[in-house]
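Reviewing the structure listed below.
The values are calculated or read from the model by the stated rules, or taken from the named source; none is laboratory data. The structure presented is a predicted model; accordingly, all values stated were derived computationally and were not measured. No Cβ is skipped: glycine too gets one built from the backbone with ideal geometry, and neighbour counts run over all protein chains shown.
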Amino acid sequence: MFNRVVLLGNLTRDCELRYLPSGGAVCTTGIATNRKFKKQDGSSGEEVCFIDITFFGRTAEIANQYLSRGKKVLVEGRLKLDQWTDQTGAKRSKHSITVETLQMIDTRGQGDGDHTSGYDAPAIGSNTPAQKPSYQKPTTPEYSGHDIPDIDINDDEIPF
């Protein structure tokens, strides 16, 4: 089976870092994504989705150190169903994302505003060695073996 989720959005709260008895790091936070669309009557609407995300290992420590509420991130991971019984005895559930790859979109020195510098931080995965990130834009695109068609999209249709 295949379970892969990619989300680009803003963090909804500061990271909460804790350590397991085994010594492994776990960091939890949330991400908000939005989608703008046109309704049938011609007016515009917006749909916001809030998802809890969890980082593990070195990625959790890096997320806790560099990320805070409002930061823009790209996360890739697995969809997970969390189930529990609340204090009243009712069964509850929610979906969350177990993050495997993190890419910080907001870069240092960007300042206030919603502009982009053209340089993104490198992706950080659970098996990425700890090192100072280099902020160099790749010169050649990576080829995945699949032909990806060009998409004609207006900047007003981008949800962030």
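Among the residues making up the range 17-45, those that are touching a residue at least 40 places away in the same chain (Cβ under 8 Å) and either loosely packed, with under 15 Cβ neighbours inside 10 Å or in contact with a Gly (Cβ under 9 Å, 6 or more places away or on another chain) (or both) are Ile31, Thr33, Asn34, Arg35, Lys36. Of the listed requirements (1) of a type in the set (D, E, K, R); (2) over 20 Å from Asp14 (Cβ atoms); (3) touching a Cys at 6+ places or on another chain (Cβ under 8 Å), Glu61 misses just one: (2). In the range 78-99, the residues that are over 17 Å from Thr29 (Cβ atoms) form Cβ pairs under 7 Å with partners that are among the aliphatic types (A, V, I, L, M) and modelled with pLDDT of 90 or more, at six or more places apart or across chains, as follows: Ser93/Leu81. Residues that are closer than 16 Å to Met104 by Cα and either in a loop (DSSP other than H, G, I, E, B) or touching a His at 6+ places or on another chain (Cβ under 9 Å) (or both) are absent from the range 39-46 altogether.
Residues are listed down the side, and each one gets a yes or a no for (1) modelled with pLDDT under 90; (2) more than 15 Å from the chain's Cα centre (by Cα); (3) among the aliphatic types (A, V, I, L, M):
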{"site": "Val5", "(1), (2), (3)": "no, no, yes"}
{"site": "Leu11", "(1), (2), (3)": "no, no, yes"}
{"site": "Ala25", "(1), (2), (3)": "no, yes, yes"}
{"site": "Thr29", "(1), (2), (3)": "no, no, no"}
{"site": "Thr33", "(1), (2), (3)": "no, no, no"}
{"site": "Ile53", "(1), (2), (3)": "no, no, yes"}
{"site": "Lys72", "(1), (2), (3)": "no, no, no"}
{"site": "Gly77", "(1), (2), (3)": "no, no, no"}
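Looking only at residues of the range 53-92 that are of a type in the set (Phe, Trp, Tyr) and assigned to a strand (DSSP E or B), we find that the one that is farthest from Leu20 (Cα to Cα) is Trp84. Scanning the range 60-70 for residues that are buried (at least 20 other Cβ atoms within 10 Å of the Cβ) and under 12 Å from the mean Cα position of the chain (by Cα) yields a total of 2.
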